[in-house]
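Asker: Structure incoming, see below.
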Amino acid sequence: MTDRIYARIAGTGSYLPAQVLTNEDLAQRVETSDEWIRTRTGIRQRHVAAEGETTVDLAYQASLRALEAAGVQPEEIDLIVLGTTTPDLIFPSSACLLQHRLGANGCPAFDVNAACSGFVYALTVADKFIQSGAAKTVLVVGAETLTRMLDWSDRSTCVLFGDGAGAVVLKADSETGILSTHLHADGGKKELLWNPVGVSAGFKPEEHNAGVRVLMTGNEVFKHAVKALDSVVEETLEANGLDRHEIDWLIPHQANLRIIEATAKRLDMPMERVIVTVDKHGNTSSGSVPLALDEAVRSGKVQRGQLLLLEAFGGGFTWGSALLRY
Ligand code: COA
């Protein structure tokens, strides 16, 4: 036993907007097919936020569920960290809007923008706060309305993404919890996956031949993602002196089934021990890892005491992992 303070997951929650868009629906809009999307990505459907439904709305629902599961009242929260690339407003941050909606006024609250790695980044920040003793009860959220910035005439991107949110409540614990986190970024590849408009660079739709939208070179992103995830998984095992067979569950970023399978192969892990939800909601960016984690917990697959490996890769590029004893 050491004096270390761990950040332990006390409760999880998630939320998907009601409206479902199937691959068949998309095939009515662009030249694609259910078969193409399924075989290349594993995605069958995605959820789309209703008009007026925002990232904070999704974050709020996911947070309520996580708080309930943890048995924590909003006024007990002493930090909110929210991963998102699609905030409601430029400012205040979505974390501040969420804080007020929950009635957790007074605690620090801020957003983290690391694209699809947003939740793993946010979890890492929260873990550091808890380990240092600066916070005891933290709400960590990943929430996105990515469909708001898709070009629905671009079949190479619009079939991949969806809206959704997930949340966890972390509590300081003397026994066990997050064992290590590992974050990386490489800003040199920004143009392979980006949305090139912004406040300071200006909103110049004419330069990129459309408005606010996601642009991606999919096959290049694929290769970088597999390589980066392989390396961060190795780094995590090494840092903890673990054999790859000791991991009970892989809870990966849900972007593409083939990327997930490549990481599972690296870990010599049968797909039965990998949480896959991408078929149900596509790539929800920051929402994806906590959505998968919540499904893993609520379905009863993940049990207390098991070793979980979370990982993500996204625009930036950013990537990272978290190893935890649930
Ligand atoms: N339906 C039908 N055909 C499509 C299509 C769609 N939705 N999207 C692209 N195509 C076509 C392309 O136009 C191309 O046609 P061409 O050969 O006539 O030029 C062909 O399919 C192959 O394109 P390519 O991009 O090489 O396919 P791919 O096997 O790499 O699959 C992705 C494309 C996007 C599914 C894949 O690259 C991928 O998943 N990349 C990672 C994306 C990702 O996860 N990003 C987020 C990371 S956080």
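The values are calculated or read from the model by the stated rules, or taken from the named source; none is laboratory data. Note that the structure is predicted; figures quoted are calculated from it, not measured. Reconstructed Cβ throughout: ideal geometry from the backbone, glycine too, with neighbour counts over all protein chains shown.
Asker: Run down 318, 263 and say which single residue is touching a Cys at 6+ places or on another chain (Cβ under 8 Å), of a type outside the set (Phe, Trp, Tyr) and within 16 Å of the ligand (Cβ to nearest atom).
Answerer: On the way: 263 fails: touching a Cys at 6+ places or on another chain (Cβ under 8 Å).
Result: 318 is the single residue among 318, 263 that is touching a Cys at 6+ places or on another chain (Cβ under 8 Å), of a type outside the set (Phe, Trp, Tyr) and within 16 Å of the ligand (Cβ to nearest atom).
Asker: Let me ask something additional. Quickly run through the range 271-286 and pick out the residues that are farther than 10 Å from residue 253 by Cβ and in a helix (DSSP H, G or I). If you could, list the steps in order and put the result at the bottom.
Answerer: Filtering the range 271-286 down to residues farther than 10 Å from residue 253 by Cβ leaves 271-277, 279-282.
The answer is 271, 272, 273, 279, 280, 281.
Asker: For the range 237-273, enumerate the residues that are crowded, with 19+ Cβ neighbours inside 10 Å, within 21 Å of residue 223 (Cβ to Cβ) and touching a residue at least 60 places away in the same chain (Cβ under 8 Å).
Answerer: 250, 252, 253, 255, 256, 257, 260, listed by residue number.
Asker: Then there's this: If you go through the range 130-150, how many residues are within 21 Å of residue 73 (Cβ to Cβ), touching a residue at least 60 places away in the same chain (Cβ under 8 Å) and surrounded by fewer than 24 Cβ atoms within 10 Å (Cβ to Cβ)?
Answerer: The qualifying residues number 1.
Asker: Quickly run through the range 144-178 and pick out the residues that are under 19 Å from residue 293 (Cα atoms), within 16 Å of the ligand (Cβ to nearest atom) and hydrophobic (A, V, I, L, M, F, W, C).
Answerer: 161
Asker: Under 28 Å from residue 276 (Cα atoms), in the same structural domain as residue 159 (by TED's automatic domain parsing), more than 16 Å from the ligand (Cβ to nearest atom) and touching a residue at least 24 places away in the same chain (Cβ under 8 Å), is that true of residue 87?
Answerer: When the stated conditions are applied, residue 87 passes them.
Asker: Just one of (1) modelled with pLDDT under 95; (2) of a type in the set (Val, Ile, Thr); (3) closer than 30 Å to residue 101 by Cβ trips up residue 2, so point out which.
Answerer: In the conditions (1) modelled with pLDDT under 95; (2) of a type in the set (Val, Ile, Thr); (3) closer than 30 Å to residue 101 by Cβ, residue 2 misses (3) alone.
Asker: Wholly within the range 1-89, which helices (runs of 4 or more DSSP H) include no fewer than the required count, namely at least 3 residues that are of a type outside the set (Gly, Ala, Ser) and surrounded by 14 or more Cβ atoms within 10 Å (Cβ to Cβ)?
Answerer: Result: 34-41, 55-70.
Asker: Sticking with this one: Going by the conditions given, is residue 22 over 27 Å from residue 326 (Cβ atoms) and touching a residue at least 40 places away in the same chain (Cβ under 8 Å)?
Answerer: Considered against the rule, which asks whether it is over 27 Å from residue 326 (Cβ atoms) and touching a residue at least 40 places away in the same chain (Cβ under 8 Å), residue 22 comes out as no.
This table checks each residue for (1) surrounded by 14 or more Cβ atoms within 10 Å (Cβ to Cβ); (2) modelled with pLDDT of 95 or more; (3) within 16 Å of the ligand (Cβ to nearest atom).
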| site | (1), (2), (3) |
| --- | --- |
| 206 | no, no, no |
| 219 | no, yes, yes |
| 228 | yes, yes, yes |
| 232 | yes, yes, yes |
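Asker: For residue 93, state whether it is within 18 Å of residue 288 (Cα to Cα) and among the hydroxyl-bearing types (Ser, Thr, Tyr).
Answerer: no
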